[in-house]
């Protein structure tokens, strides 16, 4: 039976989940996503390195399945992953610079010079708070540092680039394009004012193509033989794809993605109004196109996972010690979960222990989650069902702290819902199915 692959290029790891076409789970394989630190606190990687990481982990999976040697063993592959990171490719399809990490601070100086009319229109038009995280700021920085954008150049987010390098058309999946600062949320078309800042035309943002639509087939000779000929689909931004995989995309569902970037997500079955975008972006929530057509994604982000990882690193641990379960959060102070924070700061009171620091980190991140919920509820409305998924939930202390601030929270039993969602969307792209993609996903999830 042919295979379905879902690839999730995450900040920390690149994962591939393998399904049989009937939904039988074969397994999950992963490799670390490779970044390099450069001067001034910058974090980047060559586009080729990300592509090699995907090819490597897919090769691992197919070798373990015994299905890597014959062309056509994989029916379809879907690609999801991090947003706000990608690459400019030239008319020949070659990358013109490195992939800058989404949390890299580059672009703040350039954004400060943006004309007032663009600044004032930014949030209500793009659905994003005015901040250097977005692609626009990184491109303005690159232009100041030698990148001359040319006719024929196009912007591809990381999952779009990997698909393109394997043989897909250059496409812009709307949930990823919504994270660039280049998309007008009302029209779904590139925002002229942002393009003018870069000196590019509307073709700089490729044709929009939703998750679940085919983007092409694997043609690269570098791909494992079993992958060649597989249908490719760009599944979209990892957070809504994970919500889809976990079955939490209803209008009264709340999804908490608990990875390096910790987010609360709501799906609103319409395009929200400019006034609603103004309200949400004013609280630093984010609004964009969902992976589901005709649906708005409200995304309330934090750096909670990054905070927890850095606190563990400062304590010299990769996992919390079992003895830390009874720490006193009042003996330490941890900050840094707000998306605009530059650093994670740890303050110690007299007698503070590692257990106290960890308890303070859990209290800080949970408190910030409660604050995010309060920010989005006036527009998204109250939720009826809350689902959480992600790597940090392996820790009992994090599950407890989340449950304390999100009443009725349940935890997805699905391992790697983002990669699962990508595999389902790829299968949908590869063949006609009765019903809806949501029905199809539920059948495979069961």
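From most to least packed by mean Cβ count within 10 Å, the peptides 97-103, 411-417 give 97-103, 411-417. Under 13 Å from a label point set 7 Å out along the Cα-to-Cβ vector of residue 270, the amide N atoms of segment 295-337 belong to 295-296.
For the pair residue 150 and residue 108, a Förster radius of 30 Å applied to the C-beta separation gives a FRET efficiency near 0.70, rounded to the nearest 0.05. Length available on full extension from residue 325 to residue 342: 0.36 nm per residue minus the Cα-Cα distance, which gives 3.3 nm. Springs between Cα atoms under 10 Å define the GNM used for the chain, and in it the highest mean-square fluctuation of 278, 208, 70 occurs at 70. Summary value for the chain: 18 percent relative contact order, contacts being C-alpha pairs under 8 angstrom separated by 6+ residues.
Sort the following peptides by mean Cβ neighbour count (other Cβ atoms within 10 Å, averaged over residues), highest first: 182-190, 211-219.
211-219, 182-190
Available extension along the chain between residue 203 and residue 251 is 14.0 nm, counting 0.36 nm per residue and deducting the alpha carbon span. Ordering of 247-260, 79-92 by packing is 79-92, 247-260, highest average first (other Cβ atoms within 10 Å, averaged per residue). Does the chain classify as rounded, prolate or oblate by the C-alpha gyration tensor (a ≥ b ≥ c root eigenvalues; a/c under 1.5 gives rounded; else a/b over b/c gives prolate, otherwise oblate)? Cα axes put the chain in the rounded bin. Can you give me the Cα centroid spacing of segment 279-340 and segment 44-97 in angstrom? Here the two parts' Cα centres lie 28 Å apart. For segment 248-413, the relative contact order works out to 26 percent when only alpha carbon pairs closer than 8 Å and six or more residues apart are counted. Mean separation of Cα pairs under 8 Å and 6 or more residues apart, divided by the residue count, gives segment 156-252 a relative contact order of 30 percent. Residues considered: 141, 428, 324. Largest GNM mean-square fluctuation over the chain, using C-alpha springs under 10 Å, is found at 324.
Taken together, the values in this text are just the output of simple stated rules run on the coordinates, not laboratory data. All figures in this text were calculated on a predicted structure; none of them were measured in a lab. No Cβ is skipped: glycine too gets one built from the backbone with ideal geometry, and neighbour counts run over all protein chains shown.
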